[in-house]
Amino acid sequence: MRFKKKLPVGIDNFEEIRTENFYYVDKTGFIGELLNHWGKVNLFTRPRRFGKSLNMNMLNYFFSYGCNPDLFTGLKIAEDTELCEKYMGKFPVISITLKGISSGKYETARALLCAVIGREALRFQFLAESPQLTDKEKQQYARLTTIGQNEQPGFIMTDDVLEDSLLTLSQLLRKHYHQKVILLIDEYDVPLDKAQQFHYYEEMLHLLRNLLGQVLKGNDSLYFAVLTGCLRIAKESIFTGLNNFLVFSITDVQYDEYFGFLDKEVKAMLEFYGVEDKYQLIKEWYDGYRMGNAELYCPWDVINYCSKLIIEPNSQPKAFWINTSGNTIIKKFLATAKTKTKRELEELINGEFVTKKINHELNYRDLYQNPENFWSMLFATGYLTQRGEAEDEIYHLAIPNLEIRKLFIDQILEWFQKEARKNIVELDAFCSAFSNADVKTAEKLFNSYLQKTISIRDTSVRKEKKENFYHGILLGLLSHREDWSIYSNAESGEGFSDILIEIESKLIGIIIEVKYPDKENLEAGCQKALKQIELMNYAEKLRQDGMITILKYGIACYKKGCKIELGH
């Protein structure tokens, strides 16, 4: 099936979207609001994959000399002809992104930063011959674009040159054009995030503080600057002495609709592609973010899922946003969580909210020093969102949607299995209980394991989703036995069994069916599971594979309790 426009999966180049027939959700109103509510230095903090880079690229194309007005034809900003006449294509623009400054070593990260700035400086090669510049100023430009050879490939800058580089480039551009410069820095805090992870935070902090301080503070060549990132970073950490600094975070009403998709924008996209019947599913999986007063969807998810639906209308939602990061913050959060935090996490998983004081001036250095800082970080990075109104920086925090809920559950299962493997003796005993038909031991140990993890009791969650959670716990525990062949949701007989195990050395086959009863009637749940095993003839595959002894287990789980029964 062919459509009029392609979906821009992974494309954050505004010109490419507008000239190559891609679907574009119009966010150009951002330009007008930025100009009409003036700020010398503007920082926008939003979670990843919410359109920050595309908006920054849009600003670059709008303000830069040589702007093609056709890129904005038919868009909201074009309706303001006076503003377009005054600002469109009227400025030199320095535009860089720091999202690629990621390395385990400071020296490599510094070299990557030199490369980013050096490549941007090379866009203005006319400065090397500009009649507006003195020989000394041309030498300054040359130092920004010097590329090493042999042992020192890449852009070579001393610390002084690097720290002054953006200031120098802005001054040279202003002198050449007789016009002040607009500065765009996307994902400014990524280098600090990586530096914290790899223990060179102080060095990177010093470098960025000097680099940004030079170009943003008292720079007469700067018209205005826009920065984006996930965290605002405390002023004393990086923006020291910057008095003309405006921060627009996820709690601010101003600009709230320009990062992320509004409900009406999602409905229009679904209608355009003829998949409006998936609206409710998309809303449950990818909506739920509250930023300022706006209820928003994650654009990355909506675009990716729509592209799947166009090809395969029966495609099920996937966790697209989750897979764009290692989710380090969740792993560390679980690793340091105490009993109270685990109970709070259980409340979140079950559709409730927790009430926390949020620190908006959090920085990466302090993140892991205080467990309470994790809540602020989870909020700022989109893993949690606001419900209701805040009071004195006290927020009701909740999981925004099914995608993020899945992330938490997957990470909890991974964490739980890692914890369980610390006690190999107990884990061996648990697995052996199943092969030995020792129901009493298996039930006792499984109840003990369930007490150590969370329970799913959310009444809005379908029963099979709850069963899948306990299925996942069991599968992780039993997978400890590497000499067993273990199958999950394997086709057997007349259907698909939850767990099949073949112990070839003993010719023992094991069938496990998990149920989550409507009420705390565990015995009835076990009997229902055993009846299903017989009715669907799940033992057929085990018999075909030569298993002689076949053990059938019905397991019923409810919150943090379980019962196990052995079938005949």
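The values are calculated or read from the model by the stated rules, or taken from the named source; none is laboratory data. What you are looking at is a predicted structure, and each value in this text was computed from that prediction instead of being measured. Neighbour counts run over all protein chains shown; Cβ positions are idealised from the backbone, glycine included. Only protein heavy atoms, including side chains, enter the accessible area calculation; ligands, DNA and RNA are left aside. Shrake-Rupley method; radii C 1.70, N 1.55, O 1.52, S 1.80 Å.
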Query raised in the report: What is the packing order of peptides 207-218, 245-256, taking the mean over residues of other C-beta atoms within 10 Å and listing the highest first?
Result: 207-218, 245-256
Query raised in the report: Carbon and sulfur atoms: what percent of the 1.4 Å accessible area of the chain do they account for?
Result: 48
Query raised in the report: Roughly how compact is region 523-568, stated as its Cα Rg over 2.2 N^0.38 Å to two decimals?
Result: 1.27
Query raised in the report: Heavy-atom accessible area per residue, region 320-370, 1.4 Å probe: how many Å²?
Result: 48
Query raised in the report: Compactness ratio of region 212-340: Cα Rg over 2.2 N^0.38 Å, N = residue count?
Result: 1.40
Report summary line: Count of lysine pairs, region 168-307, Cα-Cα under 17 Å, sep. 8 or more residues or interchain, comes to 6
Query raised in the report: Where the centre of each part is set by its Cα atoms, how far does region 214-282 sit from region 484-513, in angstrom?
Result: 50
**Report entry** Nearest-0.05 FRET efficiency for GLU16 and HIS206, computed from C-beta distance (R0 35 Å)
**Finding:** 0.45
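What FRET efficiency comes out for LEU83 versus GLN139 if R0 is 45 angstrom and r is the Cβ-Cβ distance? Round to the nearest 0.05. Walk me through the numbers on the way to the answer.
Numbers: r = 39 Å, r/R0 = 0.86.
Result of the calculation: an efficiency of 0.70.
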Report task. May I ask which residue of ALA337, ASN314, ILE303 lies farthest towards the positive end of the charge dipole of region 257-347, with charges of +1 (Lys, Arg) and -1 (Asp, Glu) on Cβ and the Cα centre as origin? Result -> ALA337
Query raised in the report: What do you get for Rg/Rh of region 75-185 when both radii come from the Cα atoms and Rh is the Kirkwood radius?
Result: 1.06
Query - Computed label-point distance, nm, for sites LYS560 and GLN316 using a 7 Å Cα→Cβ extension - result: 3.0
Query raised in the report: For HIS568 and ASP220 in one chain, what is 0.36 nm times their gap in residues minus the Cα-Cα distance, to one decimal in nm?
Result: 116.8 nm
Query raised in the report: Quick one: if you stick a label point 7 Å off each Cα along the C-beta vector at ARG365 and THR108, how many nm between them?
Result: 2.4
Query raised in the report: What is the calculated FRET efficiency for GLU520 to ASP26, with r their C-beta to C-beta distance and R₀ = 56 Å, to the nearest 0.05?
Result: 0.60
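Starting from 0.36 nm per residue, how many nanometres of slack lie between LEU535 and GLU352 once their C-alpha separation is accounted for? All intermediate terms of the calculation are to be shown ahead of the outcome.
On the way: separation 183, 0.36 × 183 = 65.88 nm, distance 3.82 nm.
The span from LEU535 to GLU352 would gain 62.1 nm if fully extended.
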Query raised in the report: If the cut-off is a Cα-Cα distance under 15 Å, which aspartates and glutamates reach LYS90, setting aside same-chain residues fewer than 8 apart in sequence?
Result: GLU82
Requested in this report: Normalising by the residue count of region 13-166, find the relative contact order in percent from Cα pairs under 8 Å and 6+ residues apart.
Outcome: 17
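Dividing the convex hull volume of the alpha carbon atoms of region 173-258 by its residue count, what do you get in Å³ per residue? Could the numbers behind the result be given before it?
Working: hull volume 10.2 nm³, N = 86.
With only Cα atoms used, region 173-258 gives 119 Å³ per residue.
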Query raised in the report: So how far apart, in nm, are the two label points at GLN527 and TYR177 if each is 7 Å from Cα heading toward Cβ?
Result: 8.0
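Considering Cα pairs under 8 angstrom that are at least six residues apart, work out the relative contact order of the chain and quote it in whole percent.
Working: 946 pairs, mean separation 63.3, N = 568.
Over the chain, the number comes to 11 percent.
Does the chain classify as rounded, prolate or oblate by the C-alpha gyration tensor (a ≥ b ≥ c root eigenvalues; a/c under 1.5 gives rounded; else a/b over b/c gives prolate, otherwise oblate)? Let's see the in-between values first.
On the way: a/c = 2.41, a/b = 2.04, b/c = 1.18.
The shape class here is prolate.
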Requested in this report: Could you work out how far the C-alpha centroid of region 107-145 sits from that of region 160-192, in angstrom?
Outcome: 10
Query - Acute angle (nearest 10 degrees) that the helix 52-63 long axis makes with the longest principal axis of the chain, alpha-carbon atoms - result: 20
Query raised in the report: Could you give the angle, 0 to 90 degrees to the nearest 10, between helix 135-145's Cα long axis and the longest principal axis of the Cα atoms of the chain?
Result: 10
Query raised in the report: What's the angle, to the nearest 10 degrees (0 to 90), between helix 106-122's Cα axis and the longest principal axis of the chain?
Result: 50
Query raised in the report: To one decimal place, what orientation-averaged projected area in nm² is obtained for the convex hull of the Cα set of region 447-546?
Result: 7.0
Query raised in the report: Just the accessible area per residue of region 428-485, please: how many Å² with a 1.4 Å probe?
Result: 44
Report summary line: Taking the alpha-carbon centre of each part, the distance from region 13-44 to region 337-404 in Å is 30
Query raised in the report: How long, wide and thick is region 270-375, going by the Cα atoms along their three principal axes, in whole angstroms, largest first?
Result: 49, 29, 27
**Report entry** Shape of region 129-196, Cα gyration tensor, a/c cut at 1.5
**Finding:** oblate
Requested in this report: Give a quick list of trypsin sites (Lys or Arg not before Pro) in region 483-536 that DSSP marks as loop, anything other than H, G, I, E or B, with at most 16 other Cβ atoms within 10 Å.
Outcome: LYS506, LYS519
Report task. Determine one quarter of the surface area of the Cα convex hull of region 388-451, which equals its mean projected area, and express it in nm² to one decimal. Result -> 6.9
